[in-house]
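The values are calculated or read from the model by the stated rules, or taken from the named source; none is laboratory data. Just so it is clear, the structure is predicted and the values come from calculations on it, not from any experiment. All Cβ positions, even for glycine, are placed from backbone atoms using ideal geometry, and neighbour counts span all protein chains on display.
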Amino acid sequence: MNSKNRYLDILPEIASALSGGKPVVALESTIISHGMPYPKNIETAKRVEQVVRDNGAIPATIAILKGRLKVGLSDGELEYLGKAGTDVIKASRRDIPFLVSGQKDGATTVAATMIIAAMAGIQLFATGGIGGVHRGGENSMDISADLEELANTDVSVVCAGIKSILDIGRTLEYLETVGVPVVGYKTDDVPAFYASSSGFKVDYRCDNPLEIGKAIRAKYDLGLNGGVLITNPVPQIYALAPEEIEKTIHDAIIEMDNRGITGKDTTPFLLARIAEQTQGESLETNIELVLNNAKLAADIAVAASGLRG
Ligand code: PSU
Ligand code: MN
């Protein structure tokens, strides 16, 4: 047994899918604990898993529980994380060793989920939004560990683009520097999470899942470490008007600065504040875009499973 594997608990259904070369899609847990309020968070997590299944892949929601790296959660474990919310530690790369050695719980960010997915042999992961270079990041140096993880760990991530609580331009520059291709699914523009376009261009546009699967396969065959970032615009009917959301985000950032909120607390604060200010409209958009991403990730995983050999 690989020494990493002794820290991993992979649900039997997922382990057998992986050993049989069947498609598996990883899902994160910070989005459950810190990204959405209870009980919508748990309801959404379950719907996301169902969408993955309905599209022919096996879902693997990842978290750290009592120091164990969990690949696949029971309903009880999911409920626990959803109810505990921000009382659970938001776990990124730096947190994993201490949670494991201290037998603690952690909800995994994109970075930490990628690490654990890679240990389990999962190559594809669906979420809503990734972390990036924060606005003002040129001074604060607040750059999410998600970006370095995409640079180094062999897991590709489907997201709804770069949220404008971040500095979209600098986030894209950073990804370019560290060699992460940004793909647009059926779009030339990088989507902006709540809005379907940011005005920035993607590196590569792909119009079908197989094309994306082939590029990922080529990257790994060539030993080019790291992930591909697949950006998938929120369906138009659920998109929020850019001007409107921009104003809400702007006000939320001012409020955050006034309250002195920094570091890992910034994204959860902003998401909650924006949901409050839009009377839940942003939350509905957030839920719909995650479901949309889960479908695309499953489609890519299914297409990629046909490429093996
Ligand atoms: N964006 C969202 N919802 C989220 C997150 C980002 O729309 O829940 C979470 C993800 O887990 C992401 C993390 O990996 O926030 C990034 O946090 P930070 O910027 O502190 O690295
Ligand atoms: Mn940060």
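Points worth noting:
- The listed residue being out of contact with any strand residue (DSSP E or B) (no Cβ under 9 Å at 6 or more places or on another chain) and modelled with pLDDT of 95 or more, out of Tyr174, Tyr238: Tyr238
- Residue match in segment 158-168 (condition: surrounded by fewer than 24 Cβ atoms within 10 Å (Cβ to Cβ), without any contact (Cβ under 8 Å) to a residue 40 or more places away in the chain and either touching a Phe, Trp or Tyr at 6+ places or on another chain (Cβ under 7 Å) or not small (Gly, Ala, Ser) (or both)): yes
- Residue count for segment 269-297 under the criterion of being crowded, with 22+ Cβ neighbours inside 10 Å and under 14 Å from Met256 (Cα atoms): the result is 2.
- Of residues in segment 127-164 being out of contact with any Asp or Glu (no Cβ under 8 Å at 6 or more places or on another chain) and among the polar types (S, T, N, Q), the one farthest from ligand 2 (Cβ to nearest atom): Ser156
- Residue count, segment 39-60 (criterion: of a type in the set (A, V, I, L, M) and closer than 14 Å to Thr127 by Cα): 5
- Positions within segment 59-114 being of a type in the set (A, V, I, L, M, F, W, C) and part of a strand (DSSP E or B), in sequence order: Ala60, Ile62, Ala63, Ile64, Leu65, Leu69, Val71, Ile89, Ala91, Ala107
- Test: residue in segment 125-145 that is in contact with a strand residue (DSSP E or B) (Cβ under 9 Å, 6 or more places away or on another chain), crowded, with 23+ Cβ neighbours inside 10 Å, farther than 21 Å from Leu270 by Cβ and not hydroxyl-bearing (Ser, Thr, Tyr): yes
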